[in-house]
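Q: Below you'll find the structure I mean.
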Amino acid sequence: MNDLILAMDFEHVAEMIQIEQQQHAFPWPDADIERAICHPYKTHVCLRDQQVIGFAVYQWLAGEVTLMNIAVDPKFTRQGVASQLLNYAVTKAKSDNNIEHFFLEVRVSNQAAIKLYEQQRFVEIARRQNYYPAANNQREDAVIMQLTITEPQTL
């Protein structure tokens, strides 16, 4: 595998939108994907043979990183693409002396993602009840997870 992770460029938007539509029952609007190139977001794509096979959108603010969205082309799931994207961002966060915590939220039903995050040492810190829309006009809880990058400085 010769995957390459790099910063999103406008040329990646169409492929990202397609992946988002395929992967999520309640996808982000196209305009939100387009805006993911702007501050305060850092968006990375995973390329294989010059094709976008996955992407991740992070918000970097005030000593924290928050994973806002991650999606992998269905043809490439279970091949470590999401793990590569997450590892890349965690490594970047660890090299930034100002980052103390890395947060994310995930649908309680997305056990594969929860397992991935736990393997990266994220821990559940809270739940948002009925946060996500679900099928048949139902709602689903969000699991809030955190990875401590550096301990806060005390005086």
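Derivation of every value follows stated rules applied to the coordinates shown; laboratory data play no part. What you are looking at is a predicted structure, and each value in this text was computed from that prediction instead of being measured. As a convention, Cβ positions derive from the backbone with ideal geometry for all residues, glycine included, and neighbour counts pool all protein chains shown.
Q: What is the calculated FRET efficiency for residue 94 to residue 50, with r their C-beta to C-beta distance and R₀ = 25 Å, to the nearest 0.05?
A: 0.30
Q: Right, here's the next one. For segment 41-97, what does the relative contact order come out to in percent, with C-alpha contacts under 8 Å and a separation of six or more?
A: Taking the mean separation of contacting Cα pairs over the length of segment 41-97, I get 27 percent.
Q: If you place +1 on the Cβ of every Lys and Arg and -1 on the Cβ of every Asp and Glu, how big does the dipole about the Cα centre of the chain come out, in debye to the nearest 20?
A: Its charge dipole is roughly 400 debye.
Q: Running a GNM on the chain with Cα contacts under 10 Å, which residue among 137, 69, 87 ends up with the highest mean-square fluctuation?
A: Of the options given, 137 has the highest mean-square fluctuation.
Q: Which of 95, 109 comes first, and how do the rest follow, when ranked by fewest Cβ neighbours within 10 Å?
A: So the ranking, lowest neighbour count to highest, is 95, 109.
Q: Mean residue ellipticity at 222 nm from the helices of the chain, using -39,500 (n - 2.57) per DSSP H segment of n ≥ 4 over the full residue count, to the nearest 500 deg cm²/dmol?
A: -8000 deg cm²/dmol
Q: Follow-up question, since we're still on this one. For segment 4-148, I need the span (max minus min coordinate) of the C-alpha atoms along each principal axis, in Å, sorted largest to smallest.
A: Rounded to whole Å, the extents work out to 43, 38, 28 Å.
Q: Another one. What is the distance in Å between the Cα centres of segment 1-72 and segment 107-136?
A: Their Cα centres are 19 Å away from one another.
Q: Could I have the simple spin-label model distance between residue 127 and residue 24, label points 7 Å from Cα toward Cβ, reported in nm to one decimal?
A: Inter-label distance under the simple model: 2.2 nm.
Q: Gaussian network model of the chain, Cα springs within a sub-10 Å range: biggest mean-square fluctuation belongs to which of 51, 22, 138?
A: 138
Q: Find the eigenvalues of the gyration tensor of the Cα atoms of segment 48-117, then list the square roots of 5 times those eigenvalues as equivalent ellipsoid semi-axes, largest first, in whole angstrom.
A: Rounded to whole Å, the semi-axes are 22, 15, 10.
Q: Please name which of 17, 83, 43 has its Cα lying farthest along the dipole of segment 11-91 towards the positive end, using unit charges on Cβ (Lys, Arg +1; Asp, Glu -1) and the Cα centre as origin.
A: 83
Q: Let me ask something else. What FRET efficiency would be calculated for the residue pair residue 138, residue 32, taking the C-beta separation as r and a Förster radius of 25 Å, to the nearest 0.05?
A: 0.60
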